[in-house]
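Here is the structure we will look at, set down as structure tokens.
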Amino acid sequence: MLTRKIKLWDINAHITCRLCSGYLIDATTVTECLHTFCRSCLVKYLEENNTCPTCRIVIHQSHPLQYIGHDRTMQDIVYKLVPGLQEGETKADDSSNKEAAEEKPEEDSDYHRSDEQVSICLECNSSKLRGLKRKWIRCSAQATVLHLKKFIAKKLNLSSFNELDILCNEEILGKDHTLKFVVVTRWRFKKAPLLLHYRPKMDLL
């Protein structure tokens, strides 16, 4: 069986970010046109623009950040094609992760891979639910609102996380929003921690 060797140089254009010209890190794709960039590069770019950096198609007139998504497949491909990239990224964050682990009790250890962390305060704003014993938490910026719903439901022994709504600035958050997205779009100029409220969906009726 014949195998064909392909030089990394020949496919660089497909695995690099057009904004920073480096290999894709936390690959994020525009859902409208499927062009991919580093997440941090794209989020920064979309703070001032609403078009794709590559094809200039309008992503969304007012909320372009809601129409981008993590591309795990592309990131896996980049890590496989560029030996040492993932390890180098992890080593760069090792010291900060060790400090975070020392600050937290053993039961709260960081289960995410060297991700950026977000401090959150979870407050209950409904008399129908009790407050959390530990409302201050710290977790990965890549965690989603859905993860928080499941966490709260488990702590409060609710039958389903679908019974909950999570709000920021009195606005209900979509379950697929990452905490990084929430911070950038709803808490950009405010101090940590990120203040979120939870309530039962019945409160909407």
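The values are calculated or read from the model by the stated rules, or taken from the named source; none is laboratory data. Quantities reported herein were computed from a predicted structural model and do not represent experimental measurements. No Cβ is skipped: glycine too gets one built from the backbone with ideal geometry, and neighbour counts run over all protein chains shown. For the accessible areas, the whole protein counts, side chains as well, though only heavy atoms, and no ligand, DNA or RNA atoms are used. Shrake-Rupley method; radii C 1.70, N 1.55, O 1.52, S 1.80 Å.
Table for the structure above
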{"quantity": "Average accessible surface area per residue within region 123-177, 1.4 Å rolling probe, Å²", "calculated": "61"}
{"quantity": "Projected label distance in nm at Glu32 and His70, using a 7 Å step from Cα toward the beta-carbon", "calculated": "2.4"}
{"quantity": "Unit Cα scatterers, Debye sum, region 117-205: log10 I(q)/I(0) for q = 0.11, 0.13, 0.16 Å⁻¹", "calculated": "-0.26, -0.37, -0.57"}
{"quantity": "Region 137-199-region 54-74 distance, computed between alpha-carbon centres (Å)", "calculated": "22"}
{"quantity": "Estimated distance in nm for a label pair at Lys201 and Cys121, the labels positioned 7 Å out from Cα along Cα-to-Cβ", "calculated": "2.9"}
{"quantity": "Accessible surface of region 34-83, 1.4 Å probe, proportion on carbon and sulfur as whole %", "calculated": "52"}
{"quantity": "Separation in nanometres of the label points that stand 7 Å from Cα toward Cβ, at Val184 and Arg130", "calculated": "3.8"}
{"quantity": "Accessible carbon and sulfur surface of region 116-194 relative to its total accessible area, %, 1.4 Å", "calculated": "52"}
{"quantity": "Among the listed pairs Lys150/Lys175; Lys44/Lys175; Lys44/Lys150; Lys80/Lys180, those beyond 20 Å (Cα-Cα)", "calculated": "Lys44/Lys175; Lys44/Lys150; Lys80/Lys180"}
